[in-house]
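As structure tokens, the structure follows; a few thoughts come after it.
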Amino acid sequence: MYKAIIVDDEDLFRKTLMNKIDWDAFKLTLAGEAANGREAMALIDGVRPDIIICDVKMPVMDGLELLKSLPANSRIRFIILSGFSEFEFIRTAVKYGAFDYILKPVQAEELTGVLLRAVEDIENERRRERTDLDISLDIRNHLGKYESLFIHFVEGRDMENINRYIDTVFAELEPYPAPQLNRNSLREFIYLINRICDTFKVNRLTVLRGYTEEDPGSYSRTEEVIDRVKQLFNAVVDDLIYQKNMDRKKIVYDVISDIEKNYKDKISLELISRKYYINPSYFSQLFKSVTNDTFSNYVIRFRMQKAKELMRIPNLKIYQIAEMVGYEDEKHFSQLFKKHVGMAPTAYQRVAVR
């Protein structure tokens, strides 16, 4: 049974209307009555009616104010009752989503006709929803067969195969009517993409930016839905690539921090690679791509800079400075210093301590 309420400031009219209509014949139960819009609002919250029969002109809150107060996505069938001189009210009511209007004095035959159409409209909507649910479940089950493949291709950043299998899925779903297919396929692909985001710790907000404001039913052509799904998968892959680049850079920056803290100790590509569980050859290329310098050259340049700072301190011997920046062999240190600074350590020290 569907629920209806009557809202009118005339007590006698409400009672007459309640007794004039065979509510059961329309699969309706009369769930309550109210004398104005404000009373009706409290009643609506309590009984959640499917149909409201409401007068336009009432004290405290009129019918138009009540209609405007309903949520934009309300499914309530709002039937307006109005006098001949209130046509402007009727036009406004229709603008704000009234289901229909009836002129007073209300004839039982006219009201029963409108109620019949309202109930049919509710039932048709619910049948469509059931159909949508069935199609949605079919699409979800169908996508489930490909989920592991999509995960595999996303992990490999393989947009070519991702796009190919998106086309395959939609080709297999082609028998479904386009409106239901477009609406439900996009929604189900979003669910899949959410799971993939969770799997790879991808930022959903980045990937689905703008989707929450979209209406999945706004796509009239399946090709538009396919393009949108491909865009969303591309956003997932882009975010993974960004994450990988950030992870790669983080390793390099962590190593640079190690060098700057431990430049006095033994430092080599092999030792660093073992510490960070990374292939030495790969890390060498990675370091160069991030810093535009080789690992060994970066270490030497940093040590030479520290050596130059130490040479400003009077009475320090060159061999002492060499040891303090990580070189046991004074001769080797002197050669590197001259190569990178352009002066022998002793000559630089004489200038630095003046």
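Every number in this text was worked out from the coordinates using simple rules, so none of it is lab data. Note that the structure is a prediction, hence the values are computed from the model and not measured. Cβ atoms come from the backbone with ideal geometry, glycine included; neighbour counts cover every protein chain shown.
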Q: Holding the Cα-Cα limit at 20 Å, pick out from Lys201/Lys250; Lys230/Lys250; Lys57/Lys95; Lys201/Lys244 the pairs that are longer than that.
A: Lys230/Lys250
Q: Compute the Rg to Rh ratio over the stretch 2-125 from the alpha carbon atoms, using the Kirkwood formula for Rh, and round to two decimal places.
A: 0.91
**Q.** Dipole axis of the chain (+1 Lys, Arg; -1 Asp, Glu on Cβ), positive-most option in Ile79, Phe287, Ile166
**A.** Phe287
(Q) Once each part is reduced to its C-alpha centroid, what is the distance from the stretch 1-62 to the stretch 167-182 in angstrom? (A) 43
Q.
What does the C-alpha gyration tensor say about the overall shape of the stretch 238-354? Classify as rounded when a/c is under 1.5, otherwise prolate if a/b is larger than b/c, or oblate.
A. prolate
**Q.** Residues Met1, Met41, sorted so that the one with the fewest Cβ neighbours within 10 Å comes first
**A.** Met1, Met41
(Q) Relative contact order for the chain: what percent, with Cα pairs under 8 Å and sequence separation of 6 or more? (A) 9
Q | Residue of Asn203, Asn315, Asn163 that the Gaussian network model of the chain assigns the largest fluctuation, springs spanning Cα pairs under 10 Å | A | Asn315
Q. Is the stretch 145-242 best put as rounded, prolate or oblate by its Cα gyration tensor, with a ≥ b ≥ c the root eigenvalues, rounded for a/c under 1.5, and otherwise prolate when a/b is larger than b/c, oblate when not?
A. oblate
Q.
Let me check the size of the chain from its C-alpha atoms; what are the radius of gyration and Dmax in Å?
A. 37.8, 114
Q | Table column - 3J(HN,Hα) (Hz), the stretch 230-243, Karplus curve with 6.51, -1.76, 1.60, x for Gly and Pro | A | 5, 4, 5, 5, 4, 5, 4, 5, 4, 5, 5, 4, 4, 4
Q: Return the long-range amide H neighbours of Leu28 (sequence gap of 5 or more, or a different chain), with a cut-off of under 5 Å between placed amide H atoms.
A: Tyr2
Q. Excluding same-chain residues fewer than 8 positions from Lys68, which aspartates and glutamates have a Cα within less than 18 Å of its Cα?
A. Asp8, Glu39, Asp45, Asp50, Asp55, Glu86, Glu88, Asp100
Q: Determine, for the stretch 263-354, the count of lysine pairs separated by eight or more sequence positions (or lying on different chains) whose alpha-carbon distance falls under 19 Å.
A: 20
